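The values are calculated or read from the model by the stated rules, or taken from the named source; none is laboratory data. Computed from a predicted structure; not experimentally measured. With ideal geometry, Cβ positions are generated from the backbone for all residues, glycine too; neighbour counts draw on all protein chains shown. The accessibility values were calculated without ligands, DNA or RNA, using every heavy atom of the protein model including side chains. Shrake-Rupley method; radii C 1.70, N 1.55, O 1.52, S 1.80 Å.
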Amino acid sequence: MDFEIINPATTLELLGTINELQSKHFRFGAGYSDLLMELKKKPEENLVVINLSQIKDTAFTGLTISPDHVRMGAMVTAHKIVMNEQLNKDYPVLHQAALTLASTQIRQVATVGGNLCTASPSGDIACALVALIAHCEIMDSTGKTKSIPITDFFLGPRKTVIKKNEFLNGVLVSANNKLSKNIYSAFLKIGTRRSMECSVVSLAYHIQTDDDGDIIHAGVAIGASAPTIRFAKDACDYLIGKRFDHIHQKEKEEFATKVLSYADPITDIRATAWYRKEVLYNLSKSIFE
Amino acid sequence: MIKEHKESRLKEEVLHVISFMLNERQVTCKIKSSTVLLDLIRDHFSLKGTKPGCYEGECGACTVLINEAPVNSCLYLAVNANGKNITTIEGLVKSDGTLHPVQESLIEHGAIQCGFCTSGMAMSIKALMNQYENAQHVPGDIRIEIPTRNEIKKYLEGNLCRCTGYVKIIDAAEQLFAKEDQ
Ligand SMILES: Cc1cc2nc3c(=O)[nH]c(=O)nc-3n(C[C@H](O)[C@H](O)[C@H](O)COP(=O)(O)OP(=O)(O)OC[C@H]3O[C@@H](n4cnc5c(N)ncnc54)[C@H](O)[C@@H]3O)c2cc1C
Ligand code: FES
Ligand code: FES
């Protein structure tokens, strides 16, 4: 593993570096928990790493909570998410996903940006953010930003919409619905070991009900079940208007079948495709049990 | 051909000067871009207490504290140590040789067999103590109560031990917090 490294200290310097390196082969490095492993397994020649971890701008490193949304800079770590009381209260799915990511040590360095941009089908924070229908704020080397829904962000395993002159600047999550009374929100991860594991299957959900207990918002995402994390839109639509605590067995099954229609799992060293589907089906039903 | 040769020589020559606190001592050194902190600590500073296990972030034998938080030094670029405060197992011992309470507790509980995981375990337990002691100071952060046995287990998930079966290690950690409670 060998590479050259450049350490921009501000976003402005970062933009300059990206422009200068357009004709070269470069990668970004944030917490390095994916990148170093990848480069050790498959070294890349003449690689320049643009080190994001010394950039001080709070838009890039900070977590801000305002009345209509939460914004996380790309460099916010899993640890920072876990420790934030408000996130734990408003978005249990995100808190739990960050808490199941790897280990205490890795959570200190692993960033939101790295989890999204590595585009692994089993990215835990990424899966929670899909269930929350987050928006990705992408900046290009002229300093212009655009915001795209996370459902358009992943193109395939290890592939995102980010172009060579762009990077992820931050992620936005909308505030919960003003009418929401109860929030049913969790991250369910099945692995072959309890911790430190890429999931065999994961399911993230964030469901809000109104005063009457009727579902007014539903976000469900599946991980490790398809080439990318997927948002189970039909399953979400199916829930709207139903009473959360009055979902019958038949409806649970129909919901789970709809979730499963988004799955296209593979058989690998961790589990067979059949097993993944069975688990996902049962996990989906378990939301209401 | 000549050009290639030049380029590869250039590559070798690019070094970064970094400066950081290592066990409360200011140090400065020259490193390659891809040097990881674990190699720097062991090979350049000859501090062999930090153990190389898997080099993949899995085992935790290489755990050190960076600004009081536990990190796998095998996956941490030395470049990013610049300006930071780094503590290794050698830094837990007082200058007169007195062991740190974490070390005492591990010994008292017979929590060490081959010892390969021990420095990493000690650093993680120390980090949990730091987190607990500093907990009340960060606005917006979850308030931290005395960690329960299960929370200690969860905290130490990134530290593998092939010998002890963990029970005595967790006992050793638990007792430290029981003491703090008094
Ligand atoms: C032992 C171990 C266990 C793990 N367990 C889990 C787990 O349980 N769940 C899980 O989800 N992950 C797990 N991972 C994977 C990894 O820790 C996470 O994906 C982490 O969030 C990556 O973040 P990072 O900051 O370390 O990314 P890096 O490694 O720095 O970067 C990852 C990729 O994203 C790109 N990138 C980073 N930031 C940006 C940006 N702002 N803009 C554009 N591109 C960017 C990089 O170029 C690189 O290609 C594990 C890793 C290890 C080593
Ligand atoms: S050597 Fe670093 S985690 Fe195993
Ligand atoms: S004592 Fe041998 S690995 Fe833990």
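Report, in debye and to the nearest 20, how large the dipole of the stretch A:4-50 comes out about its Cα centre when Lys and Arg carry +1 and Asp and Glu carry -1 on their Cβ. Write out the running numbers ahead of the final one.
On the way: 5 positive and 7 negative charges, 33 e Å.
Dipole size: approximately 160 debye.
Kindly state, to the nearest 0.05, the FRET efficiency for residue A:155 paired with residue B:68, given R0 = 60 Å and r defined as their beta-carbon distance. Don't skip to the answer; put the middle values down first.
Numbers: r = 39 Å, r/R0 = 0.66.
So the FRET efficiency works out to roughly 0.95.
With the simple model of a label 7 Å out from the Cα in the direction of the Cβ, residue A:54 to residue A:182 spans 5.2 nm.
Take the alpha carbon gyration tensor of the protein assembly as shown, find the square roots of its eigenvalues, order them as a ≥ b ≥ c, and report rounded if a/c is under 1.5; if not, report prolate when a/b exceeds b/c, else oblate.
On the way: a/c = 1.81, a/b = 1.25, b/c = 1.45.
Cα axes put the protein assembly as shown in the oblate bin.
Note on the protein assembly as shown: dipole from Cβ charges, positive end direction compared against A:201, A:105, A:64; the farthest Cα belongs to A:201. Considering only A:35, A:281, A:180, and ranking their Cα positions along the charge dipole of the protein assembly as shown that arises from unit charges at the beta-carbon of Lys, Arg, Asp and Glu, the one farthest toward the positive end is A:35.
I'd like the interface area for chains B and A: accessible area of each alone minus the complex, both sides summed, 1.4 Å probe, protein heavy atoms only. What is it in Å² to the nearest 100?
Working: alone 10840 and 13870 Å², together 21750 Å².
When B and A are taken together, about 3000 Å² of accessible area is lost.
I need the GluC sites (Glu not before Pro) found in the stretch B:133-166, filtered to DSSP loop residues with at most 16 other beta carbons within 10 Å of theirs.
On the way: sites: B:133, B:145, B:151, B:157; in loops: B:145.
Hits after loop and neighbour filter: B:145.
Considering only B:70, B:147, B:52, the Gaussian network model of chain B with Cα springs below 10 Å gives its largest mean-square fluctuation to B:147.
Calculate what fraction, in whole %, of the accessible area of the protein assembly as shown sits on carbon and sulfur atoms when a 1.4 Å probe is rolled over the protein chains. Intermediate values should be presented prior to the final figure.
Numbers: 11310 of 21750 Å².
For the protein assembly as shown, the apolar C and S fraction of the accessible surface comes to 52 percent.
Springs between Cα atoms under 10 Å define the GNM used for chain A, and in it the highest mean-square fluctuation of A:150, A:222, A:247 occurs at A:247. Taking every residue in B:75-84 and counting other chain Cβ atoms within 10 Å of its Cβ, the average works out to 5. Between residue B:162 and residue A:27, the modelled labels are 2.8 nm apart [label points 7 Å from Cα along Cα→Cβ].
Dividing the helix sum by the residues of chain B, where each DSSP H run of 4 or more adds -39500 (n - 2.57), gives a mean residue ellipticity at 222 nm of -10000 deg cm²/dmol.
Among the residues of A:5-12, the average count of other protein chain beta-carbon atoms within 10 Å of the residue beta-carbon is 2.
Taking the Cα centre of the stretch B:41-140 as the origin, how large is its charge dipole in debye, to the nearest 20, when only Lys and Arg (+1) and Asp and Glu (-1) carry charge on their Cβ atoms?
For this selection, approximately 180 debye.
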